Amino acid sequence: MVQVSERLKVKVFQSGSANTSLLHHRDSGHILKRGCCRRPALEQVQPDRSIPSLPRPVLHNPRMLCLCRGKLKLLVVSLSFVILFTWLYLLVGNSENGRSLLLSACLLESTEARLLERDVLASRVREVEEENRQIRLQLSQSQGLAAQPAEGNYGNQQWVASADTGPEDVENTAEERANHSECSRSPTAEKCELIHVACVCAGHNASRDVVTLVKSILFHRRNPLHFHFITDTVANQILSTLFQSWMVPSVQVSFYDADELKSEVSWIPNKHYSGIYGLMKLTLTKALPSNLSKVIVLDTDITFATDIAELWAIFRKFTEKQVIGLVENQSDWYLGNLWKNHKPWPALGRGFNTGVILLYLERLRRISWEQMWRLTAERELMSMLSTSLADQDIFNAFIKQNPVLVHQLPCFWNVQLSDHTRSEQCYTEVSDLKVIHWNSPKKLRVKNKHVEFFRNLYLTFLEYDGNLLRRELFGCPSQASSESTVLQQALEELDEDDQCYDFRRERIMVHRVHLYFLQYEYTPTDDGTDITLVAQLSMDRLQMLEAICKHWEGPISLALYMSDAEAQQFLRYAQASEVLKNRKNVGYHIVYKEGQFYPVNLVRNVALRNVNTPYVFLTDVDFLPMYGLYDYLRKSIVQLDMANTKKALVVPAFETLRYRLSFPKSKAELLSMLDMGTLYTFRYHVWTKGHAPTNYAKWRTATTPYKVEWEADFEPYVVVRRDCPEYDQRFVGFGWNKVSHIMELDAQEYDLIVLPNAFMIHMPHAPSFDISKFRSSPSYRYCLTTLKDEFHQDLSRKYGSAALKYLTAQRNI
């Protein structure tokens, strides 16, 4: 724009100089030859030949003659200036348009010439506006959008212009290709069209990462989705539970066993950190249903920043021969110049990245894809020996031999953030970003000048409340799942005018559950006496985990009631802790927050259901078990023949009011601290009935296990078989959540056996929010009493007359 302005200034200056000389010549020759200040003789006045000859009046007064000449002079000068400025205005346009100045001057005297010049001026104005727009577009682009080397970019000279090469792009203008953020067309799928997405997911970490991908897709989507997951046993358990409890409308999920596909790719040596699962995408034509014609294939480290329907619509741009849609690789890996003696697999130009793939399955099956990729891999492995980038190497070698089969996607559909990437040349505006690919082993720690922006976008979905994604797609019919149908029926049966409506609604609420949030490894024992410590906690009890792991060396099943953001805080805490990081036999299960009450028994049941040992130790996270309790309980299980009898082993509970305690290493040390007042029996001064039946006086001198009878409000911590009854989920928050469970154990005729050499100590903590509500709200206490009565009635119906004693005991309190 600056250059255009400078050219205009120079031409106006030159034209102005010439016109000034012409004006001076004309004025001096015709008008200013004599001045009116002198009284000329009448006979010396020469007739003005530019004025037509007319009968001249006889002027008898010289003064009048001079006055008339002055007026005539003023009129002629005025007309000259008007003609001059009009001429100058047209001269600017004509001189830049290559037209003759003399021609313009001549044409001004005719009406036809003026009309012609008007058209020329209008045309020039349009040209200048077009040129200005082009200059603005060029200035809006970064310097990184300069032309790339021909061998580095297949099909285009600039990544920003690497638009689709399908038939619909023929009519795209240069402006549309250069400024895709404003002018490029964004095709979308048909309304309510089902979009299929495939993903290979194996292990605990990948199962956690894929949730962020799913969130980003659900956040932007406007179409029904069908996810196809190729999973191992671990990922299948995690993701099936997650989607079943998530209950997102218009979302279908299918799982395919990766173990059945391993034989297809296990013969390929692979150096990539993804292992054998990094080759599974080659088998999708075989793994996915034969009636599935198209699918979008994604890595688990992908984040969407737009509606996935826009990507799905690109299938319509495929030519008849194209079967695969890929984005060009944005690093120099396949150019072979990253380091000395670097020899990559063959590729077309820079090659293609397989983090985002459009697979036309129907056409791939038609060209015998399985046979073609096998032949390609066998041929290249003879010289390359192994793959470095898993399936990507084989895809690129195949495309090198068959370039007509690939449809190149615009680079913003796979903005790659690896160490050697040039992805910043792919975008100039936030609106340019479509898909972000964290394709580096460093993930969020990768080096990129815009990494903070990308990290914040990723964290947005990482910590986003997944409950908010349970939204309907209006206008798209969908079949509700059986779980959502049952939930809806239960909700309709509730009375909203009931004073305890919130408590009853909480009982039937379905919470999202993410099992095994961290890596979990367990090896069963040979003797069949293994025990898992089972507990639940929230964010405010997180500091107890390290201490529990130091006191209990056996397997642990913990259910954590947290929000999405708190779950990420826990993840960072666990990964930074040396104690937790080195313990692989601890299963962490996230129950995501929803509702106003703490669903304590639901959370306990999640931990109880996901135990792999035959026996469980049901406790709370505020208790530290004595050192060596794990081995002692395993011996007691054998001695008391728990495998063939119904027994619940009671572990006596004590408490301290000191935050820093020298933990007793034996029963003798504990009794000494009990006598000194450093320790107390649990809740002796607040809720004596809760543990009084343990009979602490007898325990002090006991050397063998002894049986105790159930009493009202008894709530000990026990060791039982894994198939014990679950906790009653109608009890939420504070009150009766453990009492009801012990009552049902007694109803099932479990014997309560107190262990003489076992103990646990409760550590002090601030009161919970729920106990504060219990103490301050009469409505809360009224509803708890109502729930107790209903529980007794249900117990009587379930166990008959044997359960009447619980109702009698409750009335006697």
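Of note:
- Here is the figure for segment 574-584: residues that are buried (at least 18 other Cβ atoms within 10 Å of the Cβ) and not aliphatic (A, V, I, L, M) total 1.
- Residues that are among the charged types (D, E, K, R), within 40 Å of the chain's Cα centre (by Cα) and in a loop (DSSP other than H, G, I, E, B) were ranked within segment 604-643; the one that is farthest from Ala535 (Cα to Cα) is Asp622.
- Matching residues in segment 295-316 - criterion: being part of a strand (DSSP E or B) and either hydroxyl-bearing (Ser, Thr, Tyr) or surrounded by fewer than 19 Cβ atoms within 10 Å (Cβ to Cβ) (or both): Thr303
- Answer from Val253, Val234 - the residue that is of a type in the set (Val, Ile, Thr) and either part of a loop (DSSP other than H, G, I, E, B) or within 20 Å of the chain's Cα centre (by Cα) (or both): Val253
- Flag for Thr319 being closer than 26 Å to Leu433 by Cα, part of a loop (DSSP other than H, G, I, E, B) and among the β-branched types (Val, Ile, Thr): yes
Here is a yes/no grid of residues against (1) hydroxyl-bearing (Ser, Thr, Tyr); (2) assigned by TED's automatic domain parsing to the domain that holds Gln416; (3) modelled with pLDDT under 95; (4) in contact with a Leu (Cβ under 7 Å, 6 or more places away or on another chain):
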{"site": "Ser263", "(1), (2), (3), (4)": "yes, yes, yes, no"}
{"site": "Trp267", "(1), (2), (3), (4)": "no, yes, yes, no"}
{"site": "Leu279", "(1), (2), (3), (4)": "no, yes, yes, no"}
{"site": "Ile296", "(1), (2), (3), (4)": "no, yes, no, yes"}
{"site": "Asp301", "(1), (2), (3), (4)": "no, yes, yes, no"}
{"site": "Phe315", "(1), (2), (3), (4)": "no, yes, no, yes"}
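- Within segment 495-544, tally of residues that are surrounded by fewer than 13 Cβ atoms within 10 Å (Cβ to Cβ) and among the hydrophobic types (A, V, I, L, M, F, W, C): 0
- Selection count, segment 694-734, where residues are at positive phi and crowded, with 21+ Cβ neighbours inside 10 Å: 1
- Matching residues in segment 478-493 - criterion: being exposed (fewer than 13 other Cβ atoms within 10 Å of the Cβ) and assigned to a loop (DSSP other than H, G, I, E, B): Gln479
- Each residue in segment 220-257 was checked for being without any contact (Cβ under 8 Å) to a residue 24 or more places away in the chain and closer than 20 Å to Phe304 by Cβ, and 1 of them qualify.
The values are calculated or read from the model by the stated rules, or taken from the named source; none is laboratory data. Bear in mind that the values here come from a model prediction, so they are computed numbers and not experimental data. With ideal geometry, Cβ positions are generated from the backbone for all residues, glycine too; neighbour counts draw on all protein chains shown.
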